[in-house]
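The values are calculated or read from the model by the stated rules, or taken from the named source; none is laboratory data. What you see is a predicted model; the values in this text were computed from it and never measured. Cβ coordinates were reconstructed from backbone atoms using ideal geometry, including for glycine residues, and neighbour counts include every protein chain displayed. When the accessible area is computed, the model is the full protein with side chains, heavy atoms only, and any ligands, DNA or RNA have been set aside. Shrake-Rupley method; radii C 1.70, N 1.55, O 1.52, S 1.80 Å.
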Amino acid sequence: MRQEEYLKYIADKNLDVFLRQGYATAGHNGPHGHPDTPARNTAHYLVIYSYLYKKTGADKYKKICDVFASYLYDIQAQSKSGAVKCMETDRFDHLNGLIGQGWIIEGLLYYYDVFKAEKALSVAMTIYKTQKYDRTLHLWHRTELDGSDIGIDPTYNHQVWFAACSSRLAEYCGDSTIDDTIKDFLTAGAKRDFRTYRDGLLKHYVDISNKMMRKIKLKSLIKVCLTPVRFVSPKKFDSKYMEYAYHIFDLYGFEILKERYGELPLFSSEKYKSAVEYACDIKNVNKTCGVYRALEKGDMFNIFSYSYNSPAFEFPYIATKNGYKDSEVFNELYDIQVKLMFDKYTGMFSRNNPDIETWNARCYEIVRYLDVR
């Protein structure tokens, strides 16, 4: 599979540089443009190198895994709260929201799964406990590096991915309170926040009433009013622009959760089935993200799709978990990725790419498919 080939290629290409640095090179959160610390990409590459060690047994992969794990231990120990600094910007938070903390936990748990390093498990648990769950709102608050509560993370996929990345902690640590919390999030919380449009497209934000959400909803209303002229600038005027490109990524998080909590009503609901059907209609996903127009006419495609949330690396896991195993389709998605972004001079997907460092790190998302196929 060519996705796996690129995963190994980019891992080996960066290996010596990463070893000298002691961490993966930082990006800037893709098209969002927020300067990152090396923590996020280091966690993603920790999954990649741990997978490659598991597959090959090569000492070079174990060495860099140990170096990367040590870096994450060290950066976690630097904050007052125990959370990890993932962003340099002061515009939002230094966590990259809940999802940033989830990604660090995810990398440490995959490393633990391969190498059984108890410290990785302990640090992951410490990070999880820094973010406080609100059983009234059924959502997590963000706890900053200094220990301050900076409120609910309103981006739904941040909440979902934090839960997904943390879900195996309960199994590894024997802590039933984690399972209880995530079950509450997926039942009482999902009744309010798991929302789709009629076609199954997932909505991007939680549905609570507070000052931040009122501001978000006002911006969304303005975009809805401007939808007739969205062709002028889809990114600015299409109210579903981000949701089109995030749907598969969002559902990927839910599919991780379904592995452990599949008996919950959410996963047999009609709304969930419609979200899966929307994701598996990959031609429609590509169409709504302007992919075919980009291929045929050279127009710009949705900047949050293949150049950030790549279906070529995310879709195979979702499809396989739902009984859809058409490898030809997976290869077609990779072909589209090549046509849109591959640069023969760099040997990477660096064309139409606002953040090659983060994009390469996010190739780790194919690993779950490789583990279950």
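Would you check if residue 172 is open to solvent by 30 Å² or more (accessible area, probe 1.4 Å), in contact with a strand residue (DSSP E or B) (Cβ under 6 Å, 6 or more places away or on another chain) and of a type outside the set (A, V, I, L, M)? Talk me through it step by step, then tell me what you get.
Values: open to solvent by 30 Å² or more (accessible area, probe 1.4 Å): yes; in contact with a strand residue (DSSP E or B) (Cβ under 6 Å, 6 or more places away or on another chain): no; of a type outside the set (A, V, I, L, M): yes.
Considered against the rule, which asks whether it is open to solvent by 30 Å² or more (accessible area, probe 1.4 Å), in contact with a strand residue (DSSP E or B) (Cβ under 6 Å, 6 or more places away or on another chain) and of a type outside the set (A, V, I, L, M), residue 172 comes out as no.
Among the conditions (1) outside any helix (DSSP H, G or I); (2) under 21 Å from residue 151 (Cβ atoms); (3) not hydroxyl-bearing (Ser, Thr, Tyr), residue 200 misses just one, which is (2). Residues in region 18-52 that are of a type in the set (Gly, Ala, Ser), in contact (Cβ under 8 Å) with a residue 60 or more places away in the chain and in a loop (DSSP other than H, G, I, E, B): 24, 26, 27, 33. When the criteria are applied in full, residue 127 fails the requirement of being of a type in the set (A, V, I, L, M) and more than 24 Å from residue 24 (Cα to Cα). Kindly indicate whether residue 9 is more than 18 Å from the chain's Cα centre (by Cα), of a type in the set (Phe, Trp, Tyr) and farther than 16 Å from residue 101 by Cα. Considered against the rule, which asks whether it is more than 18 Å from the chain's Cα centre (by Cα), of a type in the set (Phe, Trp, Tyr) and farther than 16 Å from residue 101 by Cα, residue 9 comes out as yes. Residue 125 meets the stated requirement of being of a type in the set (A, V, I, L, M, F, W, C) and open to solvent by 10 Å² or more (accessible area, probe 1.4 Å). Please enumerate the residues belonging to region 53-90 that are closer than 25 Å to residue 145 by Cβ, among the acidic types (Asp, Glu) and in a helix (DSSP H, G or I). Answer for region 53-90, where residues must be closer than 25 Å to residue 145 by Cβ, among the acidic types (Asp, Glu) and in a helix (DSSP H, G or I): just 74.
Here residue 115 meets each of (1) under 23 Å from residue 64 (Cβ atoms); (2) in contact with a His (Cβ under 8 Å, 6 or more places away or on another chain) with one exception, condition (2). Scanning region 168-207 for residues that are within 17 Å of residue 132 (Cα to Cα), out of contact with any Ser or Thr (no Cβ under 9 Å at 6 or more places or on another chain) and modelled with pLDDT under 95 yields 175, 176.
Please pick out the residue among 329, 285 that is open to solvent by 10 Å² or more (accessible area, probe 1.4 Å) and either farther than 24 Å from residue 354 by Cα or within 19 Å of the chain's Cα centre (by Cα) (or both). If you could, list the steps in order and put the result at the bottom.
On the way: 285 fails: open to solvent by 10 Å² or more (accessible area, probe 1.4 Å).
Of the residues listed, the single one that is open to solvent by 10 Å² or more (accessible area, probe 1.4 Å) and either farther than 24 Å from residue 354 by Cα or within 19 Å of the chain's Cα centre (by Cα) (or both) is 329.
Residues that are open to solvent by 10 Å² or more (accessible area, probe 1.4 Å) and in contact with a helix residue (DSSP H, G or I) (Cβ under 7 Å, 6 or more places away or on another chain) were ranked within region 363-373; the one that is nearest to residue 107 (Cα to Cα) is 368. Across region 81-94, not a single residue is classified as open to solvent by 40 Å² or more (accessible area, probe 1.4 Å), at pLDDT 95 or above and among the hydrophobic types (A, V, I, L, M, F, W, C).
Mind telling me which of the residues 107, 33 ends up being among the small types (Gly, Ala, Ser), closer than 20 Å to residue 358 by Cα and surrounded by fewer than 17 Cβ atoms within 10 Å (Cβ to Cβ)? Before the answer, list the steps.
Working: 107 fails: surrounded by fewer than 17 Cβ atoms within 10 Å (Cβ to Cβ).
That would be 33, the only listed residue that is among the small types (Gly, Ala, Ser), closer than 20 Å to residue 358 by Cα and surrounded by fewer than 17 Cβ atoms within 10 Å (Cβ to Cβ).
When the test is whether a residue is under 27 Å from residue 100 (Cα atoms), open to solvent by 60 Å² or more (accessible area, probe 1.4 Å), at pLDDT 95 or above and among the basic types (Lys, Arg), residue 293 does not pass it.
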